[in-house]
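Below is one structure; the comments refer to it alone.
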Amino acid sequence: EVQLVESGGGSVQAGGSLRLSCTASGYSLKNYCMGWFRQPPGKEREGVAFIDSNDGTTMYADSGKGRFTISQDDAKNTLYLQMNSLKPEDTAMYYCAAKLRLYRGYCNSESRLRSGYWGQGTQVTVSS
């Protein structure tokens, strides 16, 4: 079965950094669109960063652009999200997601990941 397990969350002060990891089992990341979403308390889940494992193309939501970096290690079958210069508004439950790439350009749509696989989430709390 396909499983995604996030780790690396925690509590940090504003301006600090965290590196989230998402280890995958049951499939190879090379065949999937991968991404990170977050859901602040009482709000809808929103996209944060995305990567197409086919060519390494990355995309970022404006919220994390310039501060966050998404990457993956094919050998370890792991997705990462490096978060720097964290702000209190970054506080949320962070989830990794995977969606089978069906055709060229499929990973360009954030909404498509929502119908794929999800991890259990890891909490990130940023204090002022």
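Descriptive notes on the structure:
- All of (1) touching a strand residue (DSSP E or B) at 6+ places or on another chain (Cβ under 9 Å); (2) outside any strand (DSSP E or B); (3) within 16 Å of Leu113 (Cα to Cα) hold for Glu44 with one exception: (1).
- Only residues that are in a loop (DSSP other than H, G, I, E, B) and either farther than 20 Å from Trp118 by Cβ or touching a helix residue (DSSP H, G or I) at 6+ places or on another chain (Cβ under 9 Å) (or both) were counted across segment 8-25, and they come to 4.
- Within segment 26-55, the set of residues being farther than 10 Å from Ala92 by Cβ and open to solvent by 60 Å² or more (accessible area, probe 1.4 Å) comprises Gly26, Lys30, Asn31, Gly42, Glu44, Asn54, Asp55.
- Spans of strands (runs of 3 or more DSSP E) in segment 59-111 with at least 2 residues more than 10 Å from the chain's Cα centre (by Cα) and touching a residue at least 40 places away in the same chain (Cβ under 8 Å): 78-83, 92-100
- Hits in segment 1-16 - residues which are within 15 Å of the chain's Cα centre (by Cα), at pLDDT 95 or above and open to solvent by 50 Å² or more (accessible area, probe 1.4 Å): Val5, Ser7
To keep it simple, each residue is scored yes or no on (1) more than 23 Å from Gly42 (Cα to Cα); (2) open to solvent by 50 Å² or more (accessible area, probe 1.4 Å).
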residue	(1), (2)
Thr57	yes, yes
Gly64	no, no
Thr69	yes, yes
Tyr80	yes, no
Thr91	no, no
Lys99	yes, no
Gly105	yes, no
Arg114	no, yes
Ser127	no, yes
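The values are calculated or read from the model by the stated rules, or taken from the named source; none is laboratory data. Predicted model, so just to flag it, every value in this text is computed and none were measured. With ideal geometry, Cβ positions are generated from the backbone for all residues, glycine too; neighbour counts draw on all protein chains shown. For the accessible areas, the whole protein counts, side chains as well, though only heavy atoms, and no ligand, DNA or RNA atoms are used. Shrake-Rupley method; radii C 1.70, N 1.55, O 1.52, S 1.80 Å.
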